[in-house]
């Protein structure tokens, strides 16, 4: 099977025998997993915004709509807000719950006590019958214990793989966001698209003046007023473009800062689990539970702080500026869609 190189792409190391169904997950989160609902809901809100952007639902016709499209678009291309990440965290919490529910102590204690009793029994007939009965119960408990240990191994392997999957993909998201930040700053310094939009404004005013000339005359005062208006509009547009490019850059800086805060904890957790070698199920549960806290922090603690975007309306010049500004945003997001020539490994 070809390896999926996409960030948060398909996981191939998945045990189908213990893979939960959607119904299993729903039952878990309606019950013991309900405590995690707030963290998952916060990430779910981000994901809904990203999926809305991907379906073309953000029209950027209002101040809030414009900012929503900008943030959701930037997050979409970052790959950080991703249905696959939400799914793997949900499954991690599910497997952790089942791991913590495994009771190896009860059959282990019974086996030890029963074997001690068997060793104390004599070869007398009545005690031999008791010994055989106890041995049968010990054999049954050993089978149960063997099944529980296999479940422990399977759940632990799934949990460890999930941690490594998230950790490794976060490193790739961090590198991708760094590249996108560079792309944004390069576009800001290049200014080619901004120049095209400014020329579009000038062309519109030139055509308007020609139209006036065809229907009459234009005074020098009107010509000067038009030039002043164009100069004001182009200056405003340049300022707005700079603000919007910087705002998208802020989104990527926020994602990188967040990842770099959580990544070391996930990395240390994965390494600690590997070093312990699964010597004790209680120790495994403790370590995986600590890692679960880091995963929940990962999906719930991202904060993107942007200055409120102001979009005036009602004037012809405002409508023109909004049209050009939307064209610039579409261009920037398309630039991110094309992205770097290769996905960070």
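Every number here is computed from the coordinates shown, using simple stated rules; none is lab data. Bear in mind the structure is a predicted one, so any value in this text is a computation, not a measurement. In this analysis, Cβ positions are derived from the backbone assuming ideal geometry, glycine residues included, and neighbour counts consider all displayed protein chains.
Points to keep in mind about this one:
- Both numbers refer to the Cα atoms of the stretch 181-229; Rg and Dmax are 16.0, 51 Å.
- Take the Cβ atoms of residue 108 and residue 135, set R0 to 22 Å, and the FRET efficiency comes out at 0.85.
- Distance between the stretch 118-163 and the stretch 319-333 - C-alpha centres, whole angstrom: 70 Å
- 0 to 90° range, to nearest 10: angle between helix 192-215 axis and the chain longest Cα axis: 30 degrees
- Against the main long axis of the alpha-carbon atoms of the chain, helix 37-54 sits at an angle near 40°.
- Taking every DSSP helix (H) stretch of at least 4 residues in the chain, weighting each as -39,500 (n - 2.57) and dividing the sum by the residue count yields a mean residue ellipticity at 222 nm of -27500 deg cm²/dmol.
- Residue 229 versus residue 147: modelled label distance in nm, points set 7 Å from Cα along the beta carbon direction: 8.3 nm
- Each label point was placed 7 Å from the Cα along the Cα-to-Cβ direction; for residue 306 and residue 205 their separation is 2.8 nm.
- For the chain: Kirkwood Rh in Å [reciprocal of mean 1/r, alpha carbons]: 24.8 Å
- When peptides 104-111, 238-245 are ranked by their average number of other Cβ atoms within 10 Å per residue, the highest-first order is 238-245, 104-111.
- In percent, rounded to a whole number, the relative contact order of the stretch 137-282 is 48, using alpha-carbon pairs under 8 Å and six or more apart.
- Potential lengthening of the chain between residue 175 and residue 157 amounts to 3.7 nm, from the contour at 0.36 nm per residue minus the alpha-carbon distance.
- Using R0 = 30 Å, the C-beta based FRET efficiency linking residue 290 and residue 48 works out to 0.55.
- Extending 7 Å from Cα along the Cβ direction at residue 124 and again at residue 189 yields two label points whose distance is 9.5 nm.
- Note on the stretch 178-232 and the stretch 30-97: Cα centroid distance 38 Å, given to the nearest whole angstrom.
- For the stretch 22-338, relative contact order (Cα pairs under 8 Å, six or more residues apart, normalised by length) works out to 27 percent.
- Projected onto its three principal axes, the C-alpha set of the stretch 32-127 covers 92, 21, 15 Å, listed from the longest axis down.
- Protection proxy ranking for 163-172, 38-47, 68-77, using the average of other Cβ atoms within 10 Å per residue and placing the highest first: 68-77, 163-172, 38-47.
- Modelled label reach - residue 330, point 7 Å along Cα→Cβ, the stretch 195-222 residues with backbone N closer than 20 Å: 195-205
- Degrees between helix 63-78 axis and first principal axis of the chain (Cα, 0 to 90, nearest 10): 50 degrees
- From largest to smallest, the equivalent ellipsoid semi-axes obtained for the stretch 139-288 from the alpha-carbon gyration tensor read 67, 15, 10 Å.
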